[in-house]
Amino acid sequence: MPSPGRLIRLSLVLFPLGLILTSIASFGFWWHKRQQVEERSFAYATALRRDLNEAAILRHSQILREVLSSPAPHQLAAVASYIDSSMSPENMGYAPLRDRFYHQGEEISNVEAELTGRQRPREVHLVLTLYGDPARQSGEIQALAGMLGLGHAMAGDRRDHTLRLSAVPLGVKDSNGRSALNRLAASSLNRQERFVRIIVLGGVGEESRNQVRQAFRVEQTGTIVDFQPATEDPSSTLAQMVRLKDRL
């Protein structure tokens, strides 16, 4: 019969070994389940994918025109809700995130949807749509409709880096005085992400261009910013989105 001292020494060896083996087995089980969930999500999102087409962009633009015709600032919240619901798991297979805050008593939100990179998830290519400027409402409508069409055409796509689609309202600030654009940039900084390229849709003016450059600190980070010209109808929007999809 082994001595008590020997049993103690043996238990000191076997107990940590058992914990290590159990931890390895648990991690393997978790990883396998995660892969199964990702594969099901990928298959579901892929099934929802739709080719870029003018009819879909026209439909989105007509709805957005009605939404943006509502009194300010209610239309900003309505646009966010429409983007969120359009890109939802049931419609496009994304899981949109909304960063909610209040401006003059109204709830406002940034909306983001992404295809998370498998190899380099913190390396982000951003398609950004800014809205809320009455002077360029037509271009904003086409930009938002084009972004939705692009998102639908890329649903379930797999890539090494992360592709993110974001809709951000202009001219609003939270209770701390931060603009919606600065909130978007700050949230990404908190996630320790690196923006490789930002593509801004809708033909924004020089003031908004400077705001984008400053919010994402492009001079310090070396982020490439590509400002796309405004399109005025579904046909030209479709052509722009087709070209853009080939570059992403």
Revision key, fill the gap. Flagged in segment 38-51 as more than 19 Å from the chain's Cα centre (by Cα) and either surrounded by 14 or more Cβ atoms within 10 Å (Cβ to Cβ) or at pLDDT 80 or above (or both), in numbering order, are Ala47, Asp51
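Residue-wise test of (1) hydroxyl-bearing (Ser, Thr, Tyr); (2) at pLDDT 95 or above; (3) more than 23 Å from Arg120 (Cα to Cα).
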{"site": "Arg159", "(1), (2), (3)": "no, no, no"}
{"site": "Ser166", "(1), (2), (3)": "yes, yes, no"}
{"site": "Asn176", "(1), (2), (3)": "no, no, yes"}
{"site": "Asn190", "(1), (2), (3)": "no, no, no"}
{"site": "Asp226", "(1), (2), (3)": "no, yes, no"}
{"site": "Glu232", "(1), (2), (3)": "no, no, yes"}
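Take Glu90 and decide whether it is surrounded by fewer than 15 Cβ atoms within 10 Å (Cβ to Cβ) and part of a helix (DSSP H, G or I).
So Glu90 does not fit the description; no.
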Practice item. Return the pairs, sorted by first residue and then second, in which the second residue is assigned to a strand (DSSP E or B), the first residue lies in segment 94-109 and is more than 30 Å from Ala155 (Cα to Cα), the beta carbons are less than 8 Å apart, and the residues are 6+ apart or on different chains. Key: Tyr102/Ile108; His103/Lys173
Exercise for review: Pull up segment 202-239, narrow it to residues that are in a helix (DSSP H, G or I) and either among the aromatic types (Phe, Trp, Tyr) or touching a strand residue (DSSP E or B) at 6+ places or on another chain (Cβ under 8 Å) (or both), then point me to the one that is surrounded by the fewest Cβ atoms within 10 Å (Cβ to Cβ).
Suggested key: Thr221
Review point. Going through segment 102-114 one residue at a time, which ones are modelled with pLDDT under 95 and not β-branched (Val, Ile, Thr)?
Key: Tyr102, His103, Gln104, Gly105, Glu106, Glu107
**Study point:** Pairs, first farther than 15 Å from Val200 by Cβ in segment 154-167, second basic (Lys, Arg) and assigned to a loop (DSSP other than H, G, I, E, B), C-beta under 7 Å, six or more apart
**Key:** Ala155/Arg49; Gly156/Arg49; Arg158/Arg118; Asp160/Arg118
Check your understanding: Which one of the conditions (1) at pLDDT below 95; (2) out of contact with any strand residue (DSSP E or B) (no Cβ under 7 Å at 6 or more places or on another chain); (3) crowded, with 20+ Cβ neighbours inside 10 Å; (4) not charged (D, E, K, R) does Leu76 fail to meet, given that it meets all the rest?
Key -> (2)
**Study point:** Among the residues listed as Ala113, Ala145, the single one being of a type outside the set (Ser, Thr, Tyr) and assigned to a strand (DSSP E or B)
**Key:** Ala113
Check your understanding: Of all residues in segment 166-194 being assigned to a strand (DSSP E or B) and either closer than 19 Å to Pro96 by Cβ or basic (Lys, Arg) (or both), which is farthest from the chain's Cα centre (by Cα)?
Key -> Lys173
Review point. Does Tyr82 satisfy the condition of being hydroxyl-bearing (Ser, Thr, Tyr), under 12 Å from the mean Cα position of the chain (by Cα) and not in a strand (DSSP E or B)?
Key: no
Check your understanding: Restricting to segment 116-142, what's the tally of residues that are surrounded by 24 or more Cβ atoms within 10 Å (Cβ to Cβ) and outside any strand (DSSP E or B)?
Key -> 3
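The values are calculated or read from the model by the stated rules, or taken from the named source; none is laboratory data. On a predicted model such as this, the values are computed, not experimentally measured, just so you know. FYI the Cβ positions are ideal-geometry reconstructions off the backbone, even for glycines, and counts take in every protein chain you see.
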